[in-house]
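Novice: Next up is a structure, given as structure tokens.
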Amino acid sequence: MEIPVMNDGFGGSDALALPEFVLQNLLGADRMRYTSPSPIQKHCVPLGFAGCDILASAQTGSGKTVGFLLPLIASVAKN
């Protein structure tokens, strides 16, 4: 199974069905102000959406928590 890397960012063409409220909180000027996903997020978010288990290691402050929680939040919001 080939799972793409998230190259277009959180709001790009391959935004992986993130709910609008999530995108507003990630990208909003008065919110988290993300401009692009970190390397760990580029790889973990698509895997999470594909339903894969994830075991990853990265430096503190690299965005692991956001990378793991985005698919979870999207799934909860969808259901």
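Novice: Out of all the residues in the range 15-30, which are closer than 17 Å to Leu69 by Cα and either assigned to a helix (DSSP H, G or I) or modelled with pLDDT of 90 or more (or both)?
Specialist: If the condition is that a residue be closer than 17 Å to Leu69 by Cα and either assigned to a helix (DSSP H, G or I) or modelled with pLDDT of 90 or more (or both), then Glu20, Phe21, Val22, Leu23, Gln24, Asn25, Leu26, Leu27 are the ones that fit.
Novice: Does at least one position in the range 51-59 carry a residue that is assigned to a loop (DSSP other than H, G, I, E, B), more than 22 Å from Lys78 (Cα to Cα), over 10 Å from the mean Cα position of the chain (by Cα) and β-branched (Val, Ile, Thr)?
Specialist: no
Novice: Given the criteria part of a helix (DSSP H, G or I) and modelled with pLDDT under 90, does Gly12 qualify?
Specialist: The answer is no for Gly12.
Novice: Run Asn25 past the list (1) open to solvent by 60 Å² or more (accessible area, probe 1.4 Å); (2) closer than 15 Å to Gly9 by Cα; (3) of a type in the set (S, T, N, Q) and report the number of the one that doesn't hold.
Specialist: So Asn25 meets the others, but not (1).
Novice: Taking the range 46-73, which residues are touching a residue at least 24 places away in the same chain (Cβ under 8 Å), of a type in the set (Val, Ile, Thr) and open to solvent by 50 Å² or more (accessible area, probe 1.4 Å)?
Specialist: Matches in the range 46-73: Ile73 only.
Novice: Related question: Name the pairs whose Cβ atoms lie under 8 Å apart, with the first residue in the range 17-35 and within 14 Å of Ile73 (Cα to Cα), the second at pLDDT 90 or above and assigned to a loop (DSSP other than H, G, I, E, B), and 6 or more positions between them or separate chains?
Specialist: Gln24/Arg31; Asn25/Arg31
Novice: How many of the residues in the range 24-71 are touching a helix residue (DSSP H, G or I) at 6+ places or on another chain (Cβ under 7 Å) and of a type in the set (Lys, Arg)?
Specialist: 2
The values are calculated or read from the model by the stated rules, or taken from the named source; none is laboratory data. Note that the coordinates shown come from a computational prediction; the quantities given were computed from them, not determined experimentally. Neighbour counts are summed over all protein chains in view; Cβ atoms, including those assigned to glycine, are modelled from backbone coordinates with ideal geometry. Ligands, DNA and RNA are excluded from the accessible area calculation, which covers all protein heavy atoms including side chains. Shrake-Rupley method; radii C 1.70, N 1.55, O 1.52, S 1.80 Å.
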